[in-house]
Amino acid sequence: MTLLVIRHAESVENADKYNGFYQDPRPYSGTAAHAISRTIVGLTPRGFRQAQWLAEVLPQLASSDLHVYTSTYRRAIDTAAIALPTLPDGWPRQTALLDEQHYGDATYMTKRELYDSYPALAEDRRRRKHIWTAPGGGESLAEGVLKRAAEFAALAQAELQESRTVVAFTHQTAAVALQSLLEARTLPEILAEERKGKMPNAAILHYELRDGRFTRTGTTIPPI
């Protein structure tokens, strides 16, 4: 029984974040920035090709009996639609459990603007990123995202009693939280690896459910 955790394909934000999304000063409010991130940010042409590559690779990794979930963000939904275009009615299902970390009022702020606007939060953001809680209704990786990841892991385990494969289209921060939980490793350990090289867009983490526990069995990295 297999769980595949997939980071969405390359988005326009990934490709051009410092030229378009992170302006200093930011030209819109935190609420508007979060709405842009959730509903507007789609895939680049490269991201479209990555999603097509997923369509070729996933049949080799997943059984035909699969349950598919996406976050509620457009870039994850679009990736799934291209990668798995012939799913039966009712799939994929969107769940906020797989959403990107909510950065609240800090969404799309540059570090300079963030530190100037919220100096009391600067030290945690610099040195203890996993416990930093985004201002204005945001969440931390160690609490908010990790809690959602734990709920999704429990959901996936239950779903694997009915299907042979669960596929999750998600985001880098949620993938970090899932790695920490499923592999029984600390968030600082996973983040130290991420500083050396983030999980690529469209990369696939493979897990097998064995004796009630998930075991990492591999990673598939896109060639483009």
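The values are calculated or read from the model by the stated rules, or taken from the named source; none is laboratory data. None of the values given here were measured: they were computed from a predicted structure. Cβ atoms come from the backbone with ideal geometry, glycine included; neighbour counts cover every protein chain shown. We work out accessible area using only protein heavy atoms, side chains counted, and drop any ligands, DNA or RNA first. Shrake-Rupley method; radii C 1.70, N 1.55, O 1.52, S 1.80 Å.
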### Task
Keeping to segment 83-105, report how many residues are in contact (Cβ under 8 Å) with a residue 60 or more places away in the chain and open to solvent by 60 Å² or more (accessible area, probe 1.4 Å).
1
### Task
Only one of these is closer than 20 Å to Tyr103 by Cα and in a loop (DSSP other than H, G, I, E, B): Gly144, Gly137. Name it.
Gly137
## Note on the structure
Taking segment 50-82 and keeping only residues that are among the small types (Gly, Ala, Ser) and either over 16 Å from the mean Cα position of the chain (by Cα) or surrounded by fewer than 18 Cβ atoms within 10 Å (Cβ to Cβ) (or both), one is left with Ala55, Ala62, Ser63, Ser64, Ala81
## Note on the structure
By residue number, the members of segment 149-163 that are among the charged types (D, E, K, R), surrounded by fewer than 16 Cβ atoms within 10 Å (Cβ to Cβ) and under 22 Å from Leu58 (Cβ atoms) are Glu162
### Message
Return the residues of segment 172-193 that are surrounded by fewer than 19 Cβ atoms within 10 Å (Cβ to Cβ) and touching a Ser or Thr at 6+ places or on another chain (Cβ under 6 Å); say none if nothing qualifies.
### Response
none
## Note on the structure
Only one of (1) out of contact with any Leu (no Cβ under 9 Å at 6 or more places or on another chain); (2) among the aliphatic types (A, V, I, L, M); (3) free of Cβ contacts under 8 Å to residues at least 24 places away in the same chain does not apply to Leu114, and that is (1)
### Task
Restrict the check to segment 194-203 and report whether at least one residue is modelled with pLDDT under 95 and open to solvent by less than 70 Å² (accessible area, probe 1.4 Å).
yes
### Message
If I filter segment 164-171 for residues that are open to solvent by less than 20 Å² (accessible area, probe 1.4 Å), β-branched (Val, Ile, Thr) and without any contact (Cβ under 8 Å) to a residue 40 or more places away in the chain, do I get at least one hit?
### Response
no
### Message
Name the single residue that is surrounded by the fewest Cβ atoms within 10 Å (Cβ to Cβ) among those in segment 25-49 being free of Cβ contacts under 8 Å to residues at least 40 places away in the same chain and within 12 Å of Glu10 (Cα to Cα).
### Response
Pro45
### Query
Is it fair to say Ala174 is assigned to a helix (DSSP H, G or I), of a type in the set (A, V, I, L, M, F, W, C) and either modelled with pLDDT under 95 or under 22 Å from Arg210 (Cα atoms) (or both)?
no
### Query
Looking at (1) outside any loop (DSSP other than H, G, I, E, B); (2) within 15 Å of the chain's Cα centre (by Cα), which is the only condition Phe214 fails?
(2)
